[in-house]
Structures are given as C-alpha cells and as structure tokens.
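Below is one structure, written out as structure tokens; the observations come after it.
The values are calculated or read from the model by the stated rules, or taken from the named source; none is laboratory data. This one's a predicted model, so the numbers in the text were calculated from it and none came from an experiment. Glycine also receives a Cβ, built like all others from the backbone with ideal geometry; neighbour counts cover every protein chain displayed. Note: areas computed on protein heavy atoms with side chains; ligands, DNA, RNA excluded. Shrake-Rupley method; radii C 1.70, N 1.55, O 1.52, S 1.80 Å.
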Amino acid sequence: MKRRWILFAPLAIMALLFGAFLYRLSVPDDRLIESQWIDKPMPLFDLPPATAGVAGLKSSDLADGRPRLVNVFASWCIPCRAEAPQLEALKAAGVPIDGIAIRDRPDDVAAFLRENGNPFDRIGSDVQSSVQIALGSSGVPETFLIDGKGIIREQIQGVILADDVPGIIARLEAMK
Amino acid sequence: MIAELGLALLWIAAALACLSLIAGIVVLRGGPKDVAGLVRPASVAQGVLTAAAFALLIALFVRSDMSVELVARNSHSLKPMLFKVAGAWGNHEGSMLLWLTILGLSGGLVALFEKRLRADTLIATLAAQAALSLGFFAFLLFSSNPFKRLPIAPPDGQGLNPLLQDPGLAFHPPTLYIGYVGLSVAFSFAVGALVTREIGPAFARAMRPWVLGSWIFLTLGITAGSYWAYYELGWGGWWFWDPVENVSLVPWLAGAALLHSVAVTATRNALRAWTVMLAVIGFSMSMVGTFIVRSGLLTSVHSFAVDPERGTFLLVLMLVYIGGALTLFAFRASAVAEGKQFALLSREGSLVINNLLLTTILALVLLGTLYPIVAEAMGEKISVGPPYYNKVAGPLALILCLVMVAGPLLRWRRDDGRTLWARLPLALLAGATVLFGLILFGGPIGILPLLGMTVAAVVAVASLAPLWKRKLRRVPLPTWGMVIAHFGVAVALAGMAAESAFIKERLVAAAPGETVKVADFTVKFARVEPVAGPNYTAVRATLVATTPSGSSFILHPAARTFPGLMGGAPTETNEAALLTRPGGQLYAVLGQPVPSADGSADRYQLRLWWKPLVWWIWLGGALIAMGGTLALLGRAQLLAIWRARRARKAQMRFAP
C-alpha cells in the first residue's frame, strides 16, 4: 500500500519547532527588541516636573507641530553624562529636546543639569519607570524622534554619538 | 512528617504508573491475559495517591510549615487563608503537582467509567496515560520536588507575588490546568486507538465527553483569566496577545476544532485520521504552552518560574510524547480507511471549513507567538504585537462566525440549502440593520469592529434558528448546548467589537475636589485617604460618578503597596475600580501622586475609561461554557439515565 507522505507533515513541523526551542534554550536572549511604537503616537502620559524650575512633560506637549527629540535619561546613568555634549550640540542647532528622568530625585536631577548643562525644554519625572515601560524602552539613555504630530518615528538605543548628530538634525528637518 | 509522607505517596504513585504501563505493554504484545486486570486498579490508585499528595501539600501551606522550602519561598504566616491555600499551586513545583494530580485523576476516571471502548483499546489508552504521568513524575521527583525540607527553618516565609494575591487568581490556574490536562485523555485515546487500529465512531463517542469537558474548563479559564488581567493589572485591556495568553488560546482552538470534528466522526464515521491528529495536537499544544511558561522561553508578566534546566527536561519529555504520537500517527493513519463521503453543502462540509479555519487561526497565533524565537534563530530580532494578531486572526474569526451561521442549519451528508435560505433572511436583516445603523449614526469606526458588530448580529439571530418551529421541551440537550454556545460567541464578539469601536479614555492630573468628564459621566474626585489592608498599605481615592440621568455611584480605585519582605523591594499594584452599567463599564485607575510646585494640594494621576458593552465579552465566554456544559450533560446521558429511571419507577408504581 502506498504510504501517504502528507501524514508525516505534522512530525516535520514539530521537528522544526523543537529545533527552534533547542536553539533558544542554548542561546540566551539578550532582550534587545525593536520598538513596536515606531510610527505610533506616543502613549498617553502626564509626568510631574523632575526638578524645580523646569516644567513637567505630558504626551500632548509633543504634538505642537515641531519635530523634536524625547531623551530618556537619569542622573545616576554614567553614559547619559557622556551624551550631554551631543544633546547640547543638537540644542544649539535649534532642535527642541524634552527629557524623561527615570527613577530620579529632584536634587540629583538639578545637580545633573548644573554639571552637564540643560538642553531640555521640559523634563518629566518617571519615578516608577511606567512611561519608560510603556514606550518599550529598555534602558537609559534612549532617544525618540517624534514628528510634529506626536508620532514616534525612530528610537535610538544607547548614547547618541557625535557622528550621529548631523543625521538626526537632517531627519528631524525632513519631518517638518 | 506530612512532607515526607507526601513524597512517599508520589513515589508509590509513580511506581503504579510504571506498573500500568508495563502491564499494558505486556497485554498488548499478547502476554498473559490476567495481567490486564492490573491496569485499571493501578490507574485508579495512582490518581488517588497523587491527589492525596497534593492534599498534603495544601495542608503544609495551611499550617505555614516554613521548614518546607516551597512554603517558605511562597507563603507567609500573615497571608489570608485563601491565599495560603492558593499558594500551594501558585508556584512552579506546586503547579506541576497539580498537573500530575489532574493527569492521574483523569486516568482513574477513564479506568472507572469508560465502558464503550473495546477492552484492548482501553488498556492501550490507560497505558498511554500512565506513560504521560511517568514522565511528569520523573520531572517532579528529580528536578522540582515540592516537599523538599530546608536544613534550617526560617522564622517566616517570603510571601507571594502581590499581583497574584487575588481571589480570581486562586481559581484561575486550577481551572485552566483541568482544561489543559483534560486534553491528555483525548491524546491517550488517540494513541490507544492508533495502537489497536480501532478508529471509528465508538472511539469518537468515547472521546467526545472528555474533549467537551476539558474545553469547558479551558473556556472558563481563559474567560476568567481575561477578566483577571482586565481588573487586576490596571491597564484596562482584556486581551494582550501576551505569549502566555496565546498558549492558553491555542489548546482552546485545538479543542474547539476537535469538538467539531469528533462530532463528524461519531455521527458519520468520517474525518477519522483528522480527528485523531487533532486529539494529538490538542494536548501537545497544552504541553508546549506549559513548556513555554515554565522555561522562560518567552518572558511575560505570567512567568513566575524561569529556569533553562527545567526547560530542557520538559523539552525532552515533549519530544518523546509528541514525537512518539506523531510518528505513530504517520505510520498508522495511512492504514485508516477513508471515511464516509459527503457533499460540500452539508453539515460535514461546514464542519470541515470550521476545522480548516480554526486550525489556520491556531497556526497563525502559534506562529506569532513563536516567530520571535524562530526569527532569532535566523539572526533577526522581532517582537510580534497585537496589530499582527488582530489583522490575521480577526478576519478569519469573522468568516468562521459566518460558517457557524450556516453549519447548524444544514443536514448531514447532503443538503439542498432550502432550510438555510428559509431561515437566513431574518439574520441577514438583523445584520444589515446594525451595519447601516452604525454607518449612519455610529461615527467613524474601524472596519474590523464595524464588521464585528454586524456579524455578531447575524450570528445572534441565526444561532437561535435551530430552535425555530420546534417544541422547545423536545429539543435535545446537546442542541440547546450548541445554540447557547453559538449565541455566546455572538455576545462576546459584540462586546469586543463595541469596546474597541466606542471606547473613551481620559488621563488627567486632578486634585481632590475637581471633576472630570468622560463619555456621559461626570466624575467628581472627592478625596484620597490611606488605608491599611491585612498585608499591605494603600492610597484609596473616592470618586463619585454621575450619569446624565442624575444617579451617582461611588468608586474606590486604590494603589496598594506591599512591603518588601526579607529585604526585597516593596511592590505596588493598582486596584482598578469598576462601575458596571447596562451599557458598559466605567474603569478608574488611581496613579501616582503629582507633587505640586507651589504648595497647593497634591494632584493625582487619574485614568478613566468608558468601555461600552465590555462585560458582554465575559458574559459571552460564560455562555459558551454553559452551552458546552449542557452538551456534555446531554452527551454523558445523565439526563437520559435519570429519565429512564423515573420512567421505570413510574411504571412500577402503575404496575398492577
């Protein structure tokens, strides 16, 4: 009797699946994922000021028609200090920048701004990292390029390097 | 002593599983026939002993015996009693013991009550069930012993994840597990039938109540889990396409497909190989689901035990079981003769389409859940979000619902469609009314929610059609079950579609005394106050929601803080407040306090949603489960037996 090869299909599918499982068990996940929020509006949030003298940040602030950066940072984050000169350079080039301070204290934020300069128009204090989680951001620093309508266009994980600055300015220009 | 006794019972139960398996093999290979007599009692005893071990584990949690590692890690003497009990299965080892208990008890029930199967098929089935148990016994005893003692007992335990401290969650995992593991019986029936080559209506009829029973529990478990996530996580969503939700949905889909194909096999002796394959797939998907949750392969809010070593153990187990069953299927199913033929326009035809759609949805959900793993194996990083699932599963589910309209109105074998055409216009009229009503007055609505509400109206009317012009008292229970379950699908679909089409959301920072408007409600933020619970502190807000008609209702959303025990960090949870109205639910979440810069009163983040018809989703789920239960009662013929008994009694009374 002719054997029906189609009957082996479930077995073959299972073998493929288990191959992938085995691979995944042997190679641990490093959790770097591409944001699902690209081309989506910012999640709704309303953060209080992170320190005296700088306004807080809410999602509706981000839809004022001007493309901008939202920088997720923290005073306790060393790479964020390394990133400060690049943010200053972007600021000098006329790019509006808002900040979200993660798990931070007002005094520490003030000290951070004193030492590294303040490129931010507004800084929201995200004590619980809830906005950070909602944004799918996995660490600090991270920077989001937001178009004038409050839509996230790009996510930069890690520090912005000096070489990145012209490209960022160009992409924000293109969104206007 | 309790812990040692529990462990001893587990070893004896494992030995009994071993005995059933060996005796089964001996009999099926033509050994001495009297060995067959061992299999049934051994299966029953194995179930009883495992259940006793599980009861002892619960006793340890109730007594807060901190010398047992599992209790010390997962319980606390100050915890309310309900959560102490639930703590027994709210962790990896305990839930695996629960899994084994259900596996053993189902085997025992089959051994006690199954009378319709041929003797050798029953032996093969019980041996297969024992083989399943044996692997999980090995897993439990060698790599996750729940009864392990600590060398030095700590003064108190480390509590339980506060997110899991909810009455709903106490019953959610057992319900889901009964569903998952109940499918193991169908798996064993399929293996047994493949071994003895007895695949036909008798096998299908024997398997049917088991499939139905576990599917009811899966339905209840998924519905309850969705409601739990909805009010406990405080995110306002009722389905997140989270990997752990998906792996519970996949066995449900397999169960739904199996339920319909087994009907064809039982009634018409067709689709035999397909039914057997689905029976194998159903429990395989349960195991894959457990594996994914237990191994931390895909992380999510639900995974409380992440351990690659255990993952490898489970992977090997599944490889043996699923691989073995599918290999057996591949070699034996070709020997299964073609079933009875049927026309496309017939009950069978519609059920085949139903099965194709259900398995396609199953494959797509599984693909989306596992794709990140597969993609990573090929060097790419991807996460699959709700847009994918809504886009691929949504339209297919709608088509499935339309098939559901036709199926019950068609006759077996061949149909001229006359009944269908005669009863369809009313349903189509209902659909058209809803469609045009929404287009004219509904404002801008997405295409999927719009079609969802339309199809829901068609299904709701059409699902009642099988009752049309029939004496309701004479309609058999399984038919009632089908009608109610299909109607439940319409109700749930309407809820989902209406919620996503008309949801209103407000996020504000408000100080006590201020009012917020959401949808038709005026919500006054009356005050906030600290509250102390049994093992947490909370900030509780009082909101007064007023409807346009002037009646007002009080809501108390709260943010709870559980102290970090043994130096851990404190954990916060949001207790959403829900106001259920006939038209939907008002959902309020109290967020973080916002310190004011100028010294005025503190403001709080308030998130308010108006979710139209949202509770229909869970009402629909409950109706589906209720329909399933009626069908099960009908199939198990309890009622028939009861009626027969009553008739006999009545006869005796009138006997001269």
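A single entry from B:Leu606, B:Leu590 fulfils the requirement of being closer than 30 Å to B:Ser75 by Cβ, assigned to a strand (DSSP E or B) and at pLDDT below 90: B:Leu590. Restricted to segment A:140-176, and to residues that are assigned to a loop (DSSP other than H, G, I, E, B) and open to solvent by 50 Å² or more (accessible area, probe 1.4 Å), which residue is nearest to A:Cys80 (Cα to Cα)? Among them, the one singled out is A:Leu161.
Could you tell me which residue of segment B:96-131 is farthest from B:Tyr536 (Cα to Cα), considering only residues that are crowded, with 23+ Cβ neighbours inside 10 Å and of a type outside the set (A, V, I, L, M, F, W, C)? The extreme case among them is B:Thr121. Segment B:1-104 holds helices (runs of 4 or more DSSP H) entirely within its bounds, and those carrying 2 or more residues that are modelled with pLDDT of 90 or more map to B:2-28, B:36-62. Considered as a group, the residues in segment A:39-60 that are in a loop (DSSP other than H, G, I, E, B) and among the hydrophobic types (A, V, I, L, M, F, W, C) include one that is farthest from the chain's Cα centre (by Cα), and that residue is A:Ala52. Number of residues in segment B:418-448 that are surrounded by 12 or more Cβ atoms within 10 Å (Cβ to Cβ) and either in the same structural domain as B:Lys340 (by TED's automatic domain parsing) or part of a helix (DSSP H, G or I) (or both) equals 20. Within segment B:70-95, which residues are among the hydroxyl-bearing types (Ser, Thr, Tyr) and open to solvent by less than 10 Å² (accessible area, probe 1.4 Å)? Across segment B:70-95, the qualifying residues are B:Ser75, B:Ser95.
Looking at segment B:468-478, is at least one residue touching a residue at least 24 places away in the same chain (Cβ under 8 Å) and assigned to a helix (DSSP H, G or I)? Yes.
Among the conditions (1) of a type outside the set (Phe, Trp, Tyr); (2) in contact with a Pro (Cβ under 6 Å, 6 or more places away or on another chain); (3) modelled with pLDDT under 90, the only one that B:Met285 does not satisfy is (3). Going through (1) part of a loop (DSSP other than H, G, I, E, B); (2) over 30 Å from B:Val589 (Cβ atoms); (3) open to solvent by less than 20 Å² (accessible area, probe 1.4 Å) one by one, B:Val211 falls short only on (1). Would you confirm whether or not segment A:89-103 contains a residue that is more than 19 Å from A:Leu172 (Cα to Cα), within 14 Å of another protein chain (Cβ to nearest Cβ), modelled with pLDDT under 90 and open to solvent by 30 Å² or more (accessible area, probe 1.4 Å)? Checked against the condition, which is being more than 19 Å from A:Leu172 (Cα to Cα), within 14 Å of another protein chain (Cβ to nearest Cβ), modelled with pLDDT under 90 and open to solvent by 30 Å² or more (accessible area, probe 1.4 Å), segment A:89-103 yields at least one hit.
Test B:Leu38 against the criterion of being open to solvent by 20 Å² or more (accessible area, probe 1.4 Å) and either closer than 13 Å to B:Ser133 by Cα or touching a Ser or Thr at 6+ places or on another chain (Cβ under 9 Å) (or both), and give yes or no. Considered against the rule, which asks whether it is open to solvent by 20 Å² or more (accessible area, probe 1.4 Å) and either closer than 13 Å to B:Ser133 by Cα or touching a Ser or Thr at 6+ places or on another chain (Cβ under 9 Å) (or both), B:Leu38 comes out as yes.
One residue stands out among those in segment B:251-282 that are touching a Pro at 6+ places or on another chain (Cβ under 8 Å) and small (Gly, Ala, Ser): the one that is farthest from the other protein chains (Cβ to nearest Cβ), which is B:Ala266.
Applying the condition of being touching a Phe, Trp or Tyr at 6+ places or on another chain (Cβ under 7 Å) and under 17 Å from A:Ile13 (Cα atoms) to segment B:290-324 and asking which residue is modelled with the lowest pLDDT yields B:Leu315. Within segment B:16-29, residues that are farther than 8 Å from B:Ala127 by Cβ reach partners that are open to solvent by less than 40 Å² (accessible area, probe 1.4 Å) and small (Gly, Ala, Ser) with beta carbons closer than 6 Å, at six or more positions or on different chains, in the pairs B:Leu16/B:Ala42; B:Leu16/B:Ala45; B:Ala17/B:Ala130; B:Ala17/B:Ser133; B:Leu19/B:Ala42; B:Val27/B:Ala36. Scanning segment A:61-88 for residues that are in contact (Cβ under 8 Å) with a residue 40 or more places away in the chain and either in a helix (DSSP H, G or I) or within 11 Å of chain B (Cβ to nearest Cβ) (or both) turns up A:Asp61, A:Leu62, A:Pro79, A:Cys80, A:Ala82, A:Glu83, A:Pro85, A:Gln86, A:Leu87.
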